[in-house]
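Below is one structure, written out as structure tokens, with a few remarks after it.
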Amino acid sequence: MYEKHVPIGFCYFISYQGGHYKDPVVYRGTDAPKCFIEKLEKDAIEIEHIYKNPKPLLPLTESEKQLYDNAKNFYVCDQTFRENNIKVRDHNHVTQKFNGPCCNSCNLAMKTPKFLPVFFHNLSGYDAHIFIKELGYNKKQINLIPNTEEKYISFSKSVSNDFQLRFLDSFKFMPSSLENLIKTLKKDEFKYMKQYFDSEKIDLLLRKGVFPYDYFDSFEKCKDSCLPPISKFYNELNEEAISVEDYNHACSVFNQFNLSNLGEYCDLYVKTDVLLLTDLFENFRKICIQTYKLDPCWYFTTPALSWDAMLLKTKVAIELFTDYDMLLFIENGVRGGISQCCNRYAIANNKYMPNFNPDDEIKYLMYLDANNLYGYAMSKYLPLKEIVWSDNNLTTQDILNLSDESDVGYILEVDLDYPPDLHDKHSDFPLAPENKPPPNCKEPRLLTTLEPKTKYVLHYSNLKLYLKLGLILKKIHRVLKFFQSPWLKNYIDYNTKLRTKAVNDFQKDFYKLMNNSIFGKTMENVRRRVDIRLCSTEEQA
């Protein structure tokens with residue numbers, strides 16, 4: 001074990017869309033984890049009380065009246081007004097502000113949350129371990145969504161019969177360091193930072209701060225009247241020293257804010273971190289609500305957010321499997337991606353190389369990368385509905401004649417023969433990879449082999465390619481037939497277009513992730529999910 005980490009302070013801030021709610025809560029003491037949960041629970045109970053006592057709508061302004069009177073569609077479901085669907089004024093029950101014209105059914109369906117989302121940046125990787133044991137202070141239920149035994153996607157603690165504290169990881173939505181994320185916002189977008197710090201000093205804080213973690217080996221160090229020397233900022237775990245520039249910046253912060261000791265520096269450090277994260281996540285929420293009409297605070301991860309955004313954008317109704325054999329059949333066709341070395345060693349020899357020898361054979365080494373490969377695949381015709389078992393009387397010519405853009409598609413279970421005359425030609429990259437144990441190995445691996453394939457499950461477009469390249473169809477065992485269309489293309493193109501208009505690297509990566517995570521979500525194997533329970537009493541265990 002490297003060392004024992006003892007938390008000595010925290011800060012949290014409650015963001016409220018109606019304006020100012022409370023100042024940041026900053027605490028320093030050896031009982032920080034226990035105090036953190038106690039204070040947070042107290043605030044959660046107050047917020048539950050606010051939610052349970054809805055306030056009436058404020059009188060509409062003239063512009064709001066015009067918006068309501070002239071609206072042709074409901075702002076939530078986007079349906080047009082009809083006589084049998086009453087138009088109502090939807091409003092925020094906390095801020096009392098008018099949201100928009102809404103149908104009665106949507107208005108009744110919308111509820112205030114029964115949880116308070118609490119965001120940490122990198123909760124799963126580190127922060128959760130600091131305070132999670134404190135959740136067992138009473139017998140109230142703890143719910144857990146684990147990734148592994150060590151890392152949790154989220155966990156919740158009941159504070160009453162109807163309300164929870166839900167701990168979430170902002171890194172699941174903004175997968176980058178705070179230092180890099182801060183660079184993506186303009187100065188005028190740091191709304192909360194400007195609210196609590198003077199404009200002439202704020203520039204010092206619009207970056208990730210530095211802290212002498214290894215130097216802080218006792219709570220008494222909080223009384224030190226100045227920063228330690230630069231050597232004490234050395235991080236032994238990462239074996240990294242801070243730069244002179246970073247140290248000078250820390251000294252400037254200490255002096256400009258008239259701090260009297262290291263304890264006050266610690267308070268400012270956590271307060272700054274939390275307010276920066278608040279500004280970053282609130283701007284992220286703004287992007288999501290404007291772009292997808294969805295609030296990420298209701299989700300645990302980006303893939304879940306993207307899945308709902310896709311359903312909202314495409315308005316498709318995807319048919320669910322009711323036949324378990326169909327599910328197992330499809331799973332047999334999921335194999336993963338090939339990663340292999342076709343040629344172990346090669347030397348380039350051409351006029352662009354410093355050691356070019358014109359007497360030897362001219363050779364080029366190329367690096368090829370397919371852009372937007374996931375997006376390209378998901379823009380194709382995909383299964384949607386009317387999924388049924390079909391007769392297996394298709395011939396090789398029938399399959400070759402099928403269009404990739406037909407309304408009807410097939411997934412087949414077949415036997416394929418690999419003719420010997422193709423072996424030399426295909427030896428670098430054989431067709432039809434399959435999962436099976438290689439020689440002298442018990443665990444299956446994804447292999448490319450020149451062997452015949454038995455009961456091989458694949459999409460008809462893949463089968464067409466294999467047949468065109470010389471494989472022989474010996475037998476069809478089963479056929480799954482379905483209606484297909486390019487139903488995902490609209491959503492994929494939407495995100496691709498947004499990515500081309502992105503103004504920073506974070507937005508580019510985010511819109512790319514919103515596409516790619518759809519692929520991951522559809523391929524998710526729920527059997528690999530881990531079931532772990534957190535218990536606070538022997539009875540629960």
Extreme residue, surrounded by the fewest Cβ atoms within 10 Å (Cβ to Cβ), among residues of segment 183-196 that are in contact (Cβ under 8 Å) with a residue 12 or more places away in the chain and in a loop (DSSP other than H, G, I, E, B): LYS183
Subset of segment 360-419 (residues that are in contact with a helix residue (DSSP H, G or I) (Cβ under 8 Å, 6 or more places away or on another chain) and of a type in the set (Asp, Glu)): ASP404, GLU413
SER160 being assigned to a loop (DSSP other than H, G, I, E, B), surrounded by fewer than 18 Cβ atoms within 10 Å (Cβ to Cβ), within 30 Å of the chain's Cα centre (by Cα) and modelled with pLDDT of 90 or more: yes
Filter pass, HIS129 being within 30 Å of LYS4 (Cβ to Cβ) and at pLDDT 90 or above: no
Residues being within 19 Å of CYS342 (Cα to Cα) and part of a loop (DSSP other than H, G, I, E, B) - total across segment 438-468: 6
Filtered residues of segment 16-41 (kept if surrounded by fewer than 16 Cβ atoms within 10 Å (Cβ to Cβ) and over 23 Å from PRO212 (Cβ atoms)): TYR16, GLN17, GLY18, GLY19, HIS20, TYR21, LYS22, ASP23, LYS34, GLU38, LYS39
Test set (1) surrounded by 13 or more Cβ atoms within 10 Å (Cβ to Cβ); (2) out of contact with any strand residue (DSSP E or B) (no Cβ under 8 Å at 6 or more places or on another chain); (3) modelled with pLDDT of 95 or more; (4) not basic (Lys, Arg) - TYR364 fails condition number: (1)
Cross-chain or 6+ apart pairs with Cβ under 9 Å, segment 220-239 first and free of Cβ contacts under 8 Å to residues at least 12 places away in the same chain, then surrounded by 15 or more Cβ atoms within 10 Å (Cβ to Cβ): PRO229/TYR247
Qualifying positions in segment 203-219 - under 14 Å from VAL6 (Cβ atoms), in contact (Cβ under 8 Å) with a residue 12 or more places away in the chain and not aromatic (Phe, Trp, Tyr): ASP214
Given (1) under 19 Å from TRP298 (Cα atoms); (2) in contact with a Gly (Cβ under 7 Å, 6 or more places away or on another chain), index of the condition ASP90 fails: (1)
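The values are calculated or read from the model by the stated rules, or taken from the named source; none is laboratory data. As the structure is a prediction and not an experimental result, all values here were calculated from the model. Quick reminder, even Gly has a Cβ in these numbers, built from the backbone with ideal geometry, and neighbours come from all protein chains shown.
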